[in-house]
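The values are calculated or read from the model by the stated rules, or taken from the named source; none is laboratory data. Keep in mind that this is a model prediction, so the values were computed, not measured. Glycine gets a Cβ as well: all are built from the backbone with ideal geometry, and neighbour counts include every protein chain shown. Accessible surface is based on the protein model in full, side chains and every heavy atom, while ligands, DNA and RNA are left aside. Shrake-Rupley method; radii C 1.70, N 1.55, O 1.52, S 1.80 Å.
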Amino acid sequence: MDTPRAVIIGGGVGGLTAAVALHRSGWQVTVLERADSMEPVGAGISLAPNAQRALDVIGLGDEIRSLAAWQGEGGMRSPDGRWLSRTDSAAAAERFGGPLVLLHRATLIGRVAAGLPASAVRTGCPAHLVDPGTVGGRPAVIGTPDGPVEADLVIGADGIHSAVRGVLFPDHPGPSYAGFTAWRVLVPAPAEPFAPHETWGRGALWGSQPFKDGRIYAYAAAVAPAGARADDERAELLRRFGDWHQPVPGIIAAAEPGGVLRNDVHQMTDPLPAFHRGRTVLVGDAAHAMAPTLGQGGNQAIEDAVVLAHHVAPGTDLGAGLAAYTADRLPRTTAVVRKAAQVSRLMRLSGPVSVAVRDFVMSTASRLGPGLVLRTFDGIADWRPPGPTYAAGTNDAPVRPRWTITDENRDARR
């Protein structure tokens, strides 16, 4: 039999992980990336234990775990510096079976891409889906600057505003503005150490987290009109967050004037009817764009990738495999998208009474026990991949994915 061919449109975290997982299972893979290089846009990405277990499937889990930087306490604060809740890195690792790892996207992209043949990735190659194909019939067709390309399988990993999704499901409304904008910045280590924290204010949020190399990744979010921009985004951060507790003002001051990234946040709370059609399938933000309030966007894309490869191994029924992928991923990601949207609604609260009530609940939950705070990630961070892993020393038996069952997704899971 000829080796089946998969073409991945988009060279981000989800697309590259899918390419590596498919390559390892016997597919011939080609990644088509519009950008002229693989230098990723963005600064940091957090990988929870669920994504680390998914990376175990392609032999990268332990390498990523070695980059964990959070040690000791951390938690949530108010703008005046008061701790609303505290948790501990060891408690989180014990509850979910691994540490939280924060790293630069360039680091993750580079280490995942290293698992592919050099010829598998084509940059500077914008591509579009011409025909999704039919299982058992005609191949899928992708348009490229060099002409049409046929494939046994196409993976749409082209992000929030996915053109592939638009071809598969033209009547779906797609993602909508979540009501807030976000900034990201990377700065050198400050002179004074601090505990990692996320600080919640009135319709605004700030997070300061360390990288393994000592640099600080900071992110912020605030309610704002869609499309609003400032001439100087660092000055805008100072205006909004300059009177918050240290190290927030110091981090802003240390940022390069042109080094502040800003993007509006979009989410897809209206789920797709499926993640596949014909020979074409969606992964990551193309399938389930979510607010970053749980830090799970990239994690869910990585899960998608290994679950897809598990179900479409060469020699299996492709139609049945794609249907199984949708059945596994649609309920889980729908639940995560909705939970992230719920958290973002709490962040967007701006009235003094509602903010006071929110902060009181957080503080009370922390006093009753750190487990109450960590429960936010129950059913998310404790997920395991559906097949065996290839990491050295891993003896986990194959386990089906788990997700939190709610009234909203119970029917979908059936």
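Here is how the numbers come out for the structure above:
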| quantity | calculated |
| --- | --- |
| Linear extension gain, Ala320 paired with Ala191, 0.36 nm per residue minus alpha-carbon span | 40.8 nm |
| Cβ-derived FRET efficiency at R0 22 Å, Thr269 paired with Ala327, nearest 0.05 | 0.60 |
| Accessible area (Å², per residue) of the chain, counting only protein heavy atoms and a probe of 1.4 Å | 42 Å² |
| Of all DSSP beta bridges in the chain, antiparallel share, percent nearest 5 | 70 percent |
| Three-way shape call for the stretch 1-149 based on the alpha-carbon gyration tensor, with the a/c threshold at 1.5 | prolate |
| Accessible carbon and sulfur surface of the stretch 240-390 relative to its total accessible area, %, 1.4 Å | 59 percent |
| FRET E, pair His161, Arg367, Förster distance 41 Å, beta-carbon r, rounded to 0.05 | 0.45 |
| Estimated FRET transfer efficiency when R0 is 22 angstrom, pair Ala313-Ala114 (beta carbons, to 0.05) | 0.45 |
| Label-point gap, in nm, between Asp146 and Ala356 - each point 7 angstrom along Cα→Cβ | 6.6 nm |
| Percent carbon-and-sulfur accessible area, the stretch 47-116, ignoring ligands, DNA and RNA, probe 1.4 Å | 51 percent |
| Check: the chain dipole with +1 on Lys, Arg Cβ and -1 on Asp, Glu Cβ, in debye | 820 debye |
| Rounded if a/c under 1.5, otherwise prolate or oblate - the chain, Cα gyration tensor axes | prolate |
| Additional length obtainable on full extension of the chain from Ala106 to Asp62, 0.36 nm per residue less Cα span | 14.1 nm |
| Long-range amide H partners of Ala178 with built H, under 5 Å | Val265, His266, Gln267 |
